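See below for the structure under consideration.
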Amino acid sequence: MPILRQLSVTFHVLAAMVWLGGMFFLALVGAPVLRKLESPSLRARLFRELGEGARRVGWVCIGVLLVTGVTNLHFRGVLSLATRGEATFWNAPFGHALAWKLVAVGVMVGASAVHDFFLGPLAGRLPEGTDGRERARRWSAIVARLNAGIGVFLVYWAVRLSRGG
């Protein structure tokens with residue numbers, strides 16, 4: 001395996017680990033700990049700061065995943081087959097697994113954008129204790145959980161792809 005392919009796969013896996021690990025850390029450790037804080041203003045500030053930091057890291061990871069994903073497909077010789085639209089490619093197990101993974105990537109990027117650039121900031125801007133803030137916070141949490149589930153789905157299809165579909 002050429003060194004550039006090895007590096008691309010390595011960075012792809014590392015970016016996935018950081019992206020998913022960050023989501024699961026915030027959901028399973030960060031949020032439960034912050035909810036125990038008695039000061040609503042401190043809790044809100046820490047949630048906002050953690051969210052902003054996670055957003056920056058998450059979007060860098062998404063960028064790395066997109067670039068290395070395309071690079072990995074190129075090194076496997078898949079891009080020329082996939083872009084010609086050959087039905088035999090897309091109907092084969094590898095093409096089928098790739099299609100599912102690409103759909104999941106699109107949903108994940110969309111859900112991340114809605115969460116990170118609309119719902120999360122909206123929940124942070126609205127006054128504490130208002131119905132609007134609680135509704136935005138609830139929807140933000142739902143979309144974050146959905147995104148984590150999509151991440152697990154992506155890992156499943158990535159494993160399928162690495163094993164030939």
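The values are calculated or read from the model by the stated rules, or taken from the named source; none is laboratory data. Everything quoted here is computed from the prediction, not taken from an experiment. Cβ placement follows ideal geometry from the backbone for every residue including glycine, while neighbour counts extend to all protein chains displayed. Each accessible area value is taken on the protein alone, full model and side chains, heavy atoms only, with ligands, DNA and RNA left out. Shrake-Rupley method; radii C 1.70, N 1.55, O 1.52, S 1.80 Å.
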Worksheet item: Label points 7 Å out from Cα along the Cβ direction at V103 and S162: separation in nm?
Response: 2.3 nm
Practice prompt. Per DSSP H run of n ≥ 4, the term is -39500 (n - 2.57); total these for the chain, divide by its residue number, and report the mean residue ellipticity at 222 nm rounded to 500 deg cm²/dmol.
Written response: -27500 deg cm²/dmol
Worksheet entry | Between the stretch 15-71 and the stretch 128-149, the alpha-carbon center distance in angstrom | 14 Å
Practice prompt. For the stretch 85-133, compute Rh as the Kirkwood radius over C-alpha pairs and then the Stokes-Einstein diffusion coefficient at 20 °C and 1.002 mPa s; write the answer in µm²/s, rounded to an integer.
Written response: 160 µm²/s
Worksheet entry | With every protein chain in place, the stretch 19-165: carbon and sulfur % of accessible area (1.4 Å) | 69 percent
Discussion item. I'd like to check one number: the per residue accessible area of the chain, probe 1.4 Å, reported in Å² as a whole number.
Written reply: 61 Å²
Response to the item:
What the 5 Å binned alpha carbon P(r) of the stretch 23-74 shows, as percent of pairs per bin from 0, is 4, 19, 20, 17, 12, 10, 7, 5, 3, 2, 0
Item to complete: May I ask you to give the average projected area over all directions of the convex hull of the Cα atoms of the stretch 30-165, in nm² rounded to one decimal?
Response: 9.3 nm²
Worksheet item: Taking the chain as a Gaussian network, where each spring joins two C-alpha atoms under 10 Å apart, which residue of W59, W19, W90 fluctuates the most?
Response: W90
Discussion item. So if each residue of separation counts as 0.36 nm, and I subtract the Cα-Cα distance between S80 and E52, what length gain in nm does that give?
Written reply: 6.2 nm
